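Here the structure is laid out as structure tokens; the discussion comes afterwards.
The values are calculated or read from the model by the stated rules, or taken from the named source; none is laboratory data. In this text the structure is predicted, and so the values were computed from the model without any measurement. When we count neighbours, we look across all protein chains shown, and the Cβ atoms used for this are built from the backbone with ideal geometry, even at glycine. Remember, those area values only see protein heavy atoms, side chains included, never the ligands or the DNA or RNA. Shrake-Rupley method; radii C 1.70, N 1.55, O 1.52, S 1.80 Å.
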Amino acid sequence: MVIQITSIPENTQDVEHLVSRVFFKSIDLLGGLSKLAEFRTLTWLPSLARASYVIVLREEYLKTEEEIAEKVGLTKNTVRNILRADPTLALEKIKKLEELAKEELKEMKVHTAGGIAKLAYKMIKEGQDAETLVHYCQLVSEEVAKILDVPWAYMVLKHTKGIKYPINGPDQLLERLKDIKIKGHDAAEILSKLQYPIKNPATLLHEIKQVLDSREEATYSI
């Protein structure tokens, strides 16, 4: 089934980016693509994509039901059902995925997709991106660190591979980085000064660089 998205007056790239994050988090909540394939429920993906668009357009851009229906190619009633969906009920269904797969053999029901997308959107806003995107961010950051020849950045990423984001304090990082130096500084000195929570690997490198830069500026000013 084709998902038809008409023109959106806001920055289309921003809309697509957030919708993608919500969509991938929705898949994450259902156990990932491998789990959906196992239960032969890959046909749910269009429903999740539509619901992700609906939730983002309403929550981020305050679009009316009529506007969303026109832009996403759904009926106004379908949009209303997605927006009224209960994420708590969707979460209960996710916990019983096998039963859910039998109940919705072909296409995911509107209220279920809406509830999952709502839950995914809330988690994204809290800094909990999909593991797939975090892993991709880690790989890209590692490649950039190599290309730019930034040894401390590559070392940090190597030692924090597999860590769960968001990181809410220095303890998790200290366990991984306690034995390494970051540009001559003990990791503990740097990590205690980062701004938490840290949402992804790229943010981690940015925060560390900010602390390093401030230390260099302080040294030069003496």
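What shape does the range 32-142 have by the C-alpha gyration tensor, where a ≥ b ≥ c are the square roots of the eigenvalues, rounded means a/c under 1.5, and otherwise prolate means a/b greater than b/c and oblate the rest?
Here the range 32-142 falls in the oblate category.
Please list, by residue number, everything in the range 124-144 whose backbone N is under 20 Å from a paramagnetic label point 7 Å out along Cα→Cβ of I180.
So the set is 134-144.
Treating the Cα atoms of the range 32-93 as identical point scatterers in vacuum, please give the log10 of the normalised Debye intensity I(q)/I(0) at q = 0.12 Å⁻¹, two decimals.
So the normalised log intensities are -0.34.
When the label point is put 7 Å from the Cα of L139 along its Cα-to-beta-carbon vector, which residues of the range 189-213 have a backbone N closer than 20 Å?
200-205
Would you please give the FRET efficiency between D86 and T12, computed as 1/(1 + (r/R0)^6) with r the Cβ-Cβ distance and R0 = 30 Å, to the nearest 0.05?
0.50
Round to the nearest 0.05 the FRET efficiency obtained for S192 and N168 when R0 = 22 Å and r is the Cβ-Cβ distance.
0.95
Would you mind getting me the FRET efficiency between K35 and K146? Use the beta-carbon distance for r and R0 = 30 Å, nearest 0.05.
0.35
Under a cut-off of 17 Å between alpha-carbon atoms, report the aspartates and glutamates in cross-link reach of K199, not counting same-chain residues fewer than 8 places apart.
D28, E126, D129, E131, E142, D171, E207
In whole Å, what three semi-axes, largest first, describe the equivalent ellipsoid of the range 101-222 built from its Cα gyration tensor (square root of 5 times each eigenvalue)?
37, 15, 12
Run the numbers for K95 and T132: contour at 0.36 nm per residue of separation, minus the present Cα-Cα distance, in nm.
So the chain would gain 11.3 nm between K95 and T132.
So if the hydrodynamic radius of the range 77-129 is defined as the Kirkwood radius over C-alpha pairs, what does Stokes-Einstein give as its diffusion coefficient at 37 °C and 0.692 mPa s, in µm² per second?
Roughly 287 µm²/s, to the nearest whole number.
Rank these by accessible area, largest first, 1.4 Å probe: K25, K96.
K96, K25
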